[in-house]
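Enquirer: Handing you this structure, nothing more for now.
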Amino acid sequence: MSSEVLLLSGPNLNELGVRSPEIYGSMTLDDHVATFSEVLKDAGYSVRHVQSNFEGELIESVHAARGKAAAIVINAGALTHTSWALSDALDSFPGPKIEVHISNPAAREPFRHLSTLAPVVQGSIAGFKNATYVVAAHAILDLLA
């Protein structure tokens, strides 16, 4: 079994810490990746992080993870609500998958209430701001146990 966890970050997440801190907090994406990685490192897992503003690159990363990664944690950003192609790619990945959101999409605009990823992941973690990635790391470790 692989000791790598793939962490995917979708469009605009590279703007964390600058974009709408009242919604997403002040931590940068690098901060979130570091806290996520630290929890997994302590359990013997490495993290490969891919951030892209392009749907196709995220899909290709999921495809490339087959046979290489033990699990996937994804914050697809706005693609969560629109990308059936990303959902299809995740569906074909055999390991555990978790969807994460720093804010709570269900408490926001109606267009954010649909998740195309929810049907193909084991669970969703949303709304915990700075703690979101720590919770996700512990959840993926539980699924991998």
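Nothing in this text is a laboratory measurement; each read-out follows from the coordinates by a stated rule. The structure displayed is predicted, hence computed values, not measured ones. Positions of Cβ are generated from backbone atoms using ideal geometry, with glycine treated the same way; all protein chains shown enter the neighbour counts.
Enquirer: Considering only residues that are under 19 Å from L40 (Cα atoms) and either hydroxyl-bearing (S, T, Y) or surrounded by fewer than 13 Cβ atoms within 10 Å (Cβ to Cβ) (or both), which ones fall in region 84-137?
Expert: Passing the criteria: S124, T132, Y133.
Enquirer: I've got another one for you. Among the residues of region 11-51, count how many are hydroxyl-bearing (S, T, Y) and surrounded by 19 or more Cβ atoms within 10 Å (Cβ to Cβ).
Expert: Final tally of qualifying residues: 3.
Enquirer: Taking region 56-108, which residues are on the phi > 0 side of the Ramachandran plot and aliphatic (A, V, I, L, M)?
Expert: Scanning region 56-108 gives no hits.
Enquirer: Can I ask one more? If we scan region 79-91, do we find a residue that is in contact (Cβ under 8 Å) with a residue 40 or more places away in the chain, farther than 16 Å from T116 by Cα and not β-branched (V, I, T)?
Expert: no
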